[in-house]
Amino acid sequence: MKIKLTMGGKLVLILSIVLLMLVSAGVIGKIAIDRVSESGREVLKESEEIEAIQKMGLVIQRLIMPPNDYLVHGRKREYGYFEGLLQKNKKHLAACKKRVSAPRETQLLHEVGGSLEEINKLALKIFSLEDPIGNEEGAKLMEDMDAIADMSISKIDDVLAEARKEKMEYVAESKKVEIKSERVILVVISVMLAGILTWGFSFVRSITRPVGELIALTEKVAEGDLTARMHDLSNDEIGTLARSFNRMARRLYETTVSIEDLKKEMAARKKAEIEAQEAVAIKTQFISMVSHELRTPLTAIKESINIVFEGVGSDSIEQSKNFLGIAKRSVDRLARLIDDVLNFHKLELGKVDFNIEENDINKAVREIKEMMQPVAIEKGLKFIIDLDENIPKIKFDKDKIIQVMSNLVNNSIKFTEDGSVTVTTAVEGDNTVRVSVKDTGCGISEENIPKLFQKFEQFGDGNGRKTGGTGLGLSISREIIMKHKGKIWAESTWGEGATFHFVLPIREKRG
Amino acid sequence: MSKKILVVDDEPDIVQVVSFRLRNAGYDVVTALSGRKGLDLVESERPDLILLDLRLPDIEGYDICEKLKNDEKYKSIPVVLLTASIISGSVKKLESSGADDCILKPFDYEDLLEIVGKLIKKAK
Ligand SMILES: Nc1ncnc2c1ncn2[C@@H]1O[C@H](COP(=O)(O)OP(=O)(O)O)[C@@H](O)[C@H]1O
Ligand SMILES: [Mg+2]
């Protein structure tokens, strides 16, 4: 089970662990030091023993000196010295006995006690000699006493050697203990250190890792990714921070989304509004155009028929013919209005069937020439065709393309006062056929060129010569060309004539 | 001496039928197919009345009318507007142009002659 702790909790835990380690290190150190000092005390005790025993040897040596002196100098007071030394010896021995604990040493001291008694006896014998100087018996006694003293001293030396050896052992052992405790302390300290380091490291990591993640996420959010979230949520303060971060990011996302929605809605409304305004404008334009295109020919028809019918004026055949001619033209114009409007409406709704099949574009141009040349000649214009005879057969709706060409040629004748109208065909690029209608008329001003193909747009010739029309011819032409996956455009300089081009694809592009 | 009427309209057929009717009624008629030509004729012909189409390609009928009505020399010449679409000009614009009357196409020639006659008589 993973225990979840707050950062404060972690800190407290770490501190208590460090404290625990310190306390245990202290305890271990104390025990070690105690042990060292204990062994030291033991060594000390040992060396006191040795000292006492050593002293014992010296005292014994001194003890035999007054009897010897008595034998040399014969002074009676030597006995007093001896007595004093003996007492000292006994006291010392008693003191030694108290100190010594080892059985062998006790035994030795016991033996030394015996020797002291023997030395005492021998000394008493010596001091009882009346004539000590050069006394043979005295010398013999002295020899015995010497031997006893020597024996005691050598015994003491033995014990001393042993004691020294023991002492050395003690020292070695205490040294060992010292080293051991040093090691223990060292190990404890390193374990402690390692523990603190690992804990500290993981603790620092446990803060820096989520903080690093948070920073990365904040950067993401700053860069606009409002879906960025912290996933690893701990129970500590960092976890709380991460949760607040997530909340903040979510709120930001929600508000941004709603603002975005709002913006979209506003844009949509604005667009709808503009579209509605455009629709109203187009409707007004349409009604105005239809009204004009209905009322003008109707006026002419009504009046000219009335004039003929009433027999006003000269009432000649000539006059009647003239006014009936006006009536006929006006009827044609009415018919064209109806044709254009219905045609365009159907095209816009996509309700016109196209009969696209393999056809000869040059043949279509020749048909146009037959139709339009008389109209051009009547206005005093030349009608020229310039055909590329190598054009391959392509697929198009012949009637519709003829309608486009007649619209273009009609416009050219309408807006040209003198000069010519030229229709050209050519292969353009590797996949299109181009048809161009060029005139030497008034041309179109630069600002009007982009508006040409919009419905109901009419600019007249700008020279005061107004022409009847619906403003739909070019819109219809454009719809037809688009249906063929072609393109239509105009080139013109104001006052220098205009050229209208359209291209049709030779093969339908795949894909 | 017969009165002179200027007919300004870009539709040749309309010009023809209107001027025929006016001539038949005893007026002198001069015609123009554009606004500019019309203004020229006002100066050179000094008509007694002007019939002016609203929808002209070069200068709008309103503007011609306004121009004339603001000119001391031509102010007194009555102007009758001809329009094929009442939508193409608001009533307000029509009033502010200072035109003396307005006729919607198609019109009855009796109405046209009546309006013309009245205005010419008034101008005398
Ligand atoms: N060859 C041309 N030369 C000059 N202007 C042209 C030519 N073709 C078209 N236009 C301009 O484009 C307008 C729109 O033409 P179109 O759509 O055919 O309508 P319409 O012919 O009924 O006026 C014309 O009124 C005219 O101002
Ligand atoms: Mg046209």
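The values are calculated or read from the model by the stated rules, or taken from the named source; none is laboratory data. For clarity, every value in this text was computed on a predicted model and none was experimentally measured. No Cβ is skipped: glycine too gets one built from the backbone with ideal geometry, and neighbour counts run over all protein chains shown.
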Answer with yes or no whether A:Ser154 is small (Gly, Ala, Ser) and touching a residue at least 40 places away in the same chain (Cβ under 8 Å). no
Members of segment A:298-313 that are facing chain B (nearest Cβ under 10 Å) and assigned to a loop (DSSP other than H, G, I, E, B): A:Val312, A:Gly313
Looking at A:Asp339 and the list (1) under 16 Å from A:Lys455 (Cα atoms); (2) among the acidic types (Asp, Glu); (3) not in a helix (DSSP H, G or I), which single condition is not satisfied? (3)
Every residue from segment A:61-109 that is touching a residue at least 60 places away in the same chain (Cβ under 8 Å), aliphatic (A, V, I, L, M) and part of a helix (DSSP H, G or I): A:Leu63, A:Leu71, A:Val72
Turns out the strands (runs of 3 or more DSSP E) fully within segment A:376-483 with at least 1 residues that are touching a Pro at 6+ places or on another chain (Cβ under 7 Å) are A:432-439
Out of segment B:8-28, which residues are within 13 Å of chain A (Cβ to nearest Cβ), free of Cβ contacts under 8 Å to residues at least 60 places away in the same chain and on the phi < 0 side of the Ramachandran plot? B:Val8, B:Asp10, B:Glu11, B:Pro12, B:Asp13, B:Val15, B:Gln16, B:Val17, B:Ser19, B:Phe20, B:Arg23, B:Asn24
How many of the residues making up segment B:43-64 are surrounded by fewer than 24 Cβ atoms within 10 Å (Cβ to Cβ) and free of Cβ contacts under 8 Å to residues at least 40 places away in the same chain? 7
Which of the residues belonging to segment B:94-109 are more than 14 Å from the chain's Cα centre (by Cα), facing chain A (nearest Cβ under 10 Å) and either among the charged types (D, E, K, R) or surrounded by fewer than 15 Cβ atoms within 10 Å (Cβ to Cβ) (or both)? B:Asp108
Is segment A:395-407 home to any residue that is without any contact (Cβ under 8 Å) to a residue 40 or more places away in the chain, within 16 Å of ligand 2 (Cβ to nearest atom) and farther than 17 Å from A:Ala498 by Cβ? yes
A:Ser330 fails exactly one of (1) polar (S, T, N, Q); (2) crowded, with 19+ Cβ neighbours inside 10 Å; (3) assigned by TED's automatic domain parsing to the domain that holds A:Thr425, namely (3)
Does segment A:167-180 contain at least one residue that is farther than 30 Å from A:Gln54 by Cα and surrounded by 12 or more Cβ atoms within 10 Å (Cβ to Cβ)? yes
Can you confirm whether A:Lys283 is out of contact with any helix residue (DSSP H, G or I) (no Cβ under 6 Å at 6 or more places or on another chain), away from chain B (no Cβ under 14 Å) and not in a loop (DSSP other than H, G, I, E, B)? no
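A quick yes/no check of all residues on (1) among the polar types (S, T, N, Q); (2) touching a residue at least 24 places away in the same chain (Cβ under 8 Å); (3) within 16 Å of ligand 2 (Cβ to nearest atom); (4) within 14 Å of chain B (Cβ to nearest Cβ):
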{"position": "A:Ser475", "(1), (2), (3), (4)": "yes, yes, yes, no"}
{"position": "A:Arg478", "(1), (2), (3), (4)": "no, yes, yes, no"}
{"position": "A:Met482", "(1), (2), (3), (4)": "no, no, no, no"}
{"position": "A:Gly486", "(1), (2), (3), (4)": "no, yes, no, no"}
{"position": "A:Ala490", "(1), (2), (3), (4)": "no, yes, yes, no"}
{"position": "A:Thr493", "(1), (2), (3), (4)": "yes, yes, no, no"}
{"position": "A:Phe500", "(1), (2), (3), (4)": "no, yes, yes, no"}
{"position": "A:Val503", "(1), (2), (3), (4)": "no, yes, no, no"}
{"position": "A:Ile506", "(1), (2), (3), (4)": "no, yes, no, no"}
Hits in segment A:439-461 (condition: away from chain B (no Cβ under 14 Å) and away from ligand 2 (no atom under 16 Å from the Cβ)): A:Thr440, A:Glu446, A:Glu447, A:Pro450
Criterion first (modelled with pLDDT of 90 or more, within 12 Å of ligand 1 (Cβ to nearest atom), under 56 Å from the mean Cα position of the chain (by Cα) and acidic (Asp, Glu)) does A:Glu428 satisfy it? no
